[in-house]
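The values are calculated or read from the model by the stated rules, or taken from the named source; none is laboratory data. The structure presented is a predicted model; accordingly, all values stated were derived computationally and were not measured. Cβ: placed from backbone, ideal geometry, glycine included. Neighbour counts: every protein chain shown. For accessibility, only protein heavy atoms count, side chains too; no ligands or nucleic acids. Shrake-Rupley method; radii C 1.70, N 1.55, O 1.52, S 1.80 Å.
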Number of protein chains: 4
Amino acid sequence: MSIAVIYGSTRPNGNTETLTKLAIENIEVDSIYLNDFTINSIEDRRHEEEGFPIVEDDYDAILSRMMQHETFIFATPIYWYSMSGQMKNFVDRWSQTMKDARFKDFKERMSHKKAYVIAVGGDSPTIKGLPLIQQFTYIFDFFGLSFEGYIIGEANKPGDIYNDQQAINAAVQLRKKLISL
Amino acid sequence: MSIAVIYGSTRPNGNTETLTKLAIENIEVDSIYLNDFTINSIEDRRHEEEGFPIVEDDYDAILSRMMQHETFIFATPIYWYSMSGQMKNFVDRWSQTMKDARFKDFKERMSHKKAYVIAVGGDSPTIKGLPLIQQFTYIFDFFGLSFEGYIIGEANKPGDIYNDQQAINAAVQLRKKLISL
Amino acid sequence: MSIAVIYGSTRPNGNTETLTKLAIENIEVDSIYLNDFTINSIEDRRHEEEGFPIVEDDYDAILSRMMQHETFIFATPIYWYSMSGQMKNFVDRWSQTMKDARFKDFKERMSHKKAYVIAVGGDSPTIKGLPLIQQFTYIFDFFGLSFEGYIIGEANKPGDIYNDQQAINAAVQLRKKLISL
Amino acid sequence: MSIAVIYGSTRPNGNTETLTKLAIENIEVDSIYLNDFTINSIEDRRHEEEGFPIVEDDYDAILSRMMQHETFIFATPIYWYSMSGQMKNFVDRWSQTMKDARFKDFKERMSHKKAYVIAVGGDSPTIKGLPLIQQFTYIFDFFGLSFEGYIIGEANKPGDIYNDQQAINAAVQLRKKLISL
């Protein structure tokens, strides 16, 4: 059961990454740092006859890479009570992929995947991060993709995450689950 | 009481725009189409000594333009159960503005504004759009900005919005409120 | 298509009732005022061998009466950001009905019903009433019952609801829908 | 810092109680089992001149007992995606207490309390229990009462809770926090 970790962070070694790395310690994963790539915002052409044009950026390659795996971990800082804009741009493009002849079984393939979410925020994330979890739930439900669990961590300054013992415990616990996949 | 409408749509004349235009018919507003501008994703430098570098894109100009108004209407299609990535990128950059000496009373000024949200989606938006409304609530609460109301419309194909009589009525009702500002 | 209105209010002629009556004006409905009946809280015996004892109160009669109809309108004041305790007690007892041999196709029959929710509260109900709507969504989803729509009204003192033009409009709109059933 | 645990369960030794007892092991608390008492549903008389009549049940005594403590743990099974009807009836009556001359500083006193929530459900509670957490958030915010944290456990049959390692860990973690109060 191979794992892709999709990072939405915009600085290296942030709290989200730290927490996620605890959950995947010594587990082989494919780490995709969205910030290292160019992923344009979607232009909605769903209703135009000619459909979506091919976009010259890194999105298709990233998506293909992600789809080689069975389990996804979406690891995002909580920016303004939702996923980062970088990650949102990536997710928005899925609408285009669903119309893309080159990925024609995309939705069906997604329905066989499993997903986890790891999200870290600074402003009462265990409360104010709940709409983000609900949003991910709807996204995964759309595909029939199994939402296996999530961890919400609280942290602001670099390193803060180590003070959130509940999140740390949950990451250790998640690791046991991932190893047994 | 001047009004800025911030559009997060990525195609012209979509359902979100149609619904919004009903609400502002014959009212003078400043219409900001985010899709017409280049707004980079944020790079989180909140915790670095040198802070955020100045970014060469259209964000600062757009933000300044928005801040000249007292009432904001955020008009966004619902993409994957939240605002569009374009709008999210714009909002994410507010974190940078809060550290920007050139906008040093940004948070304080925001606390005097009023906001409305108009969101249109195709997949049970009056239910599955609720996390988006909660996200906006937390965003506005952060600033102490007054959340005056929202309209959720249901539409998929261009023109569909005219079939959502409840949303149309709500737009007409909102217009009365905006005129009386 | 016959309609049952289940009122969770605890005073007659309150704002919830007023708003609901606009939606059903001149439509024949079966009005069930939960407050007129004795409905005990559930005692959870799901996991005991002998199961639930028969409870000597009005619940069974009320449930049977409701089940004769195809469309339900749950009309509740928002007390502490959810349905009234009276209505919650009624709903909680559904767990008992699911184990009751006398109602053995209860879940299946529920899956053919349609439901509306009308909820009125005094403290920012269009925002703080959203968890209530989400709770109803999960309840209806459990049964596969179709959630056809909801109206949230804002009111505090008796008669206040007439000042919520958006809720009044929505009730008038709902009435058109109910007539066409 | 003395602690009151308010149990909304309707059967003894259920999963909610088991999980809660892990969190308070060897800590002196005042355990209030709502199911052992008679607490009537509220009759809304907020807007009548003569106000609320005195109700002959156990509510006032229970409320007084709870208010002697500084920290509250609300421990409820998740029934139909919210707190049990028994607990909801108890909470609903707070509206009456706010108008009760005998408890005239009720709201002010509540603002100095701290609260935790422990909730256990059988149907994807870490997702479908989130509206309950949001509801508690609004309740506590109303009073300015500090919401210190929550644990959501997943369990159906008696004893199931021991299989939810994440909830067990969280209870152990909470216990450390409670001891240090």
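Which of the residues that make up the stretch A:131-149 are under 15 Å from the mean Cα position of the chain (by Cα) and either open to solvent by less than 40 Å² (accessible area, probe 1.4 Å) or among the β-branched types (Val, Ile, Thr) (or both)?
A:Leu132, A:Ile133, A:Gln134, A:Gln135, A:Phe136, A:Thr137, A:Tyr138, A:Ile139, A:Phe140, A:Phe143, A:Leu145, A:Gly149
Hey, does the stretch B:45-55 have a residue that's in contact with a Gly (Cβ under 7 Å, 6 or more places away or on another chain) and at negative phi?
Yes: one or more hits.
Among residues belonging to the stretch B:81-105 that are part of a loop (DSSP other than H, G, I, E, B), basic (Lys, Arg) and open to solvent by 10 Å² or more (accessible area, probe 1.4 Å), point out the one that is nearest to A:Ser95 (Cα to Cα).
Per the criteria, the residue is B:Lys99.
What about A:Thr18, is it assigned to a helix (DSSP H, G or I) and either over 15 Å from the mean Cα position of the chain (by Cα) or polar (S, T, N, Q) (or both)?
Here the answer is yes, as A:Thr18 does meet what is asked.
List the number of the failed condition for D:Gly8; all other conditions in (1) open to solvent by less than 10 Å² (accessible area, probe 1.4 Å); (2) touching a residue at least 60 places away in the same chain (Cβ under 8 Å); (3) farther than 30 Å from C:Asn15 by Cβ; (4) not aromatic (Phe, Trp, Tyr) hold.
Of (1) open to solvent by less than 10 Å² (accessible area, probe 1.4 Å); (2) touching a residue at least 60 places away in the same chain (Cβ under 8 Å); (3) farther than 30 Å from C:Asn15 by Cβ; (4) not aromatic (Phe, Trp, Tyr), only one is false for D:Gly8: (3).
If I filter the stretch D:47-101 down to residues being closer than 19 Å to C:Ser84 by Cβ and of a type in the set (Lys, Arg), which single residue comes out as farthest from the chain's Cα centre (by Cα)?
D:Lys99
How about the stretch C:11-24: which of its residues are of a type outside the set (D, E, K, R) and either in contact with a Leu (Cβ under 6 Å, 6 or more places away or on another chain) or facing chain D (nearest Cβ under 9 Å) (or both)?
C:Gly14, C:Ala23
So that you can scan it fast, the table gives a plain yes or no per residue for (1) aliphatic (A, V, I, L, M); (2) farther than 17 Å from D:Asn89 by Cβ:
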position: C:Asn13; (1), (2): no, yes
position: C:Leu19; (1), (2): yes, yes
position: C:Tyr33; (1), (2): no, yes
position: C:Ile42; (1), (2): yes, no
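Pairs needed: first member in the stretch C:60-78, assigned to a strand (DSSP E or B); second member anywhere, open to solvent by 30 Å² or more (accessible area, probe 1.4 Å); C-beta distance under 6 Å; at least 6 residues apart or different chains.
Pairs that qualify, where the first residue is assigned to a strand (DSSP E or B) and the partner is open to solvent by 30 Å² or more (accessible area, probe 1.4 Å), are C:Thr71/C:Met1; C:Thr71/C:Lys114.
May I ask you to list the residues in the stretch A:12-30 that are in contact (Cβ under 8 Å) with a residue 24 or more places away in the chain and either crowded, with 16+ Cβ neighbours inside 10 Å or on the phi > 0 side of the Ramachandran plot (or both)?
Within the stretch A:12-30, A:Asn13, A:Gly14, A:Asn15, A:Thr16, A:Glu17, A:Thr18, A:Leu19, A:Thr20, A:Leu22, A:Ala23, A:Ile24, A:Val29 qualify.
What residue, among those in the stretch B:31-44 that are open to solvent by 30 Å² or more (accessible area, probe 1.4 Å) and closer than 16 Å to B:Ile3 by Cβ, is nearest to the other protein chains (Cβ to nearest Cβ)?
Once the filter is applied, the top-ranked residue is B:Tyr33.
Using beta carbons and a limit of 6 Å, which pairs, at least six apart or on different chains, have the first residue in the stretch C:121-145 and without any contact (Cβ under 8 Å) to a residue 12 or more places away in the chain and facing chain D (nearest Cβ under 7 Å) and the second one assigned to a helix (DSSP H, G or I) and crowded, with 19+ Cβ neighbours inside 10 Å?
Note: pairs meeting the criteria are C:Gln134/D:Pro131; C:Tyr138/D:Lys128.
For residues that are among the hydroxyl-bearing types (Ser, Thr, Tyr) and under 17 Å from B:Ala167 (Cα atoms), tally how many sit in the stretch C:130-181.
Of the residues in that region, 1 qualify.
Tell me, yes or no, whether the stretch D:119-126 has at least one residue that is of a type in the set (A, V, I, L, M) and open to solvent by 20 Å² or more (accessible area, probe 1.4 Å).
No - not one qualifying residue is present in the stretch D:119-126.
For residues that are open to solvent by 40 Å² or more (accessible area, probe 1.4 Å) and within 21 Å of B:Pro125 (Cα to Cα), tally how many sit in the stretch C:155-168.
Residues that pass the stated criteria total 1.
Among D:Asn169, D:Asn163, D:Asn156, which is the only one that is within 15 Å of D:Ile118 (Cβ to Cβ) and not hydrophobic (A, V, I, L, M, F, W, C)?
D:Asn169
Taking B:His47 as the residue in question, decide whether it is of a type outside the set (Val, Ile, Thr), outside any helix (DSSP H, G or I) and surrounded by 18 or more Cβ atoms within 10 Å (Cβ to Cβ).
Answer is no for this residue.
Filter the stretch D:144-181 down to the residues that are at pLDDT 95 or above, small (Gly, Ala, Ser) and more than 24 Å from D:Tyr79 (Cβ to Cβ) and list them by number.
Listed by number, the residues that qualify are D:Gly144, D:Ser146.
Which number in (1) within 13 Å of chain B (Cβ to nearest Cβ); (2) in contact with a helix residue (DSSP H, G or I) (Cβ under 6 Å, 6 or more places away or on another chain); (3) not in a helix (DSSP H, G or I) marks the one condition that A:Ile27 misses?
Among (1) within 13 Å of chain B (Cβ to nearest Cβ); (2) in contact with a helix residue (DSSP H, G or I) (Cβ under 6 Å, 6 or more places away or on another chain); (3) not in a helix (DSSP H, G or I), the lone unmet condition for A:Ile27 is (1).
Of the numbered conditions (1) away from chain C (no Cβ under 14 Å); (2) touching a residue at least 12 places away in the same chain (Cβ under 8 Å); (3) surrounded by fewer than 23 Cβ atoms within 10 Å (Cβ to Cβ), D:Glu56 fails exactly one; give the number of that condition.
All conditions are met except number (2).
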